[in-house]
Each structure stands twice: as C-alpha cells, then as structure tokens.
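Undergrad: For reference, the structure I am asking about is given below.
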Amino acid sequence: MQHPIHRVRHVEVVGRYVLRVAFEDGVERTVDLEPVLAGRLYGPLRDPELFRQVAVDPEVCTVVWPNGADFDPATLHDWPEHAAAFARLAQEWQRSDATGS
C-alpha cells in the first residue's frame, strides 16, 4: 500500500482555531482544529496567541507550533476523512488529562 506524500506550501489563520492550508498539489483545505485541541500537546493551542504562531516547517513541510505540536501533512490534506477520528481521540485525551492517567 502506497501513501501519498503531501507538502504544505502555505498556512494562514482564518478563524479562531481555523487554518487555511495550501499544498504542493494545488489543494487548499480550511481546517477547523477546535474539536481536536485537547491533551498535553494540542490543548495549549487553545491559547489564541500560541495558535496564531503556526508556521510551515521548511524541512518536513507541515504546520508546526512553538510548543512542538504539528500535524501530518497527509492528514491535513485529507482532513474531511480524518476529522471525526481526531475529534474522538481528543475526547480520550481530555478524559485522560482529567483523570491524570
């Protein structure tokens, strides 16, 4: 099974927790990340100041934040297929953080 390799060309914040992501193949996605901003890695991105610091990592060509959070570019490219699964994971992360496990 072969997985396509996607590279992020450009990212911009277009809403509270919403990014517009442009890829090397010409696809652009508007990605609402609010449902997945939970847990130790993604939870801090609820801070609007930190969220706005998103950038494209020139080496791995994906979106990154100063706290080390990032997303696989293939996941972002095909976000409509992955959003619900990520939201379910975020709920688990939230519960895990609440229980301290």
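Throughout, read-outs are computed from the coordinates displayed, never taken from laboratory work. Worth saying up front: this structure is predicted, and the values here are computed from it rather than measured. So basically every Cβ, Gly included, is an ideal-geometry build from the backbone, and we count neighbours across all protein chains shown.
Undergrad: Condition first: within 14 Å of F23 (Cβ to Cβ) and of a type in the set (A, V, I, L, M). Now tell me which residues in the range 34-83 satisfy that.
TA: The answer is V56, V60, V63, A74, L76.
Undergrad: Within the range 1-19, can you find the residues that are closer than 18 Å to V60 by Cα and of a type in the set (D, E, K, R)?
TA: Listed by number, the residues that qualify are R7, R9, E12.
Undergrad: Another question about this same structure. Run down P48, P44, P4 and say which single residue is farther than 17 Å from A84 by Cα, without any contact (Cβ under 8 Å) to a residue 40 or more places away in the chain, exposed (fewer than 14 other Cβ atoms within 10 Å of the Cβ) and not small (G, A, S).
TA: Just a single option satisfies the conditions, and that option is P48.
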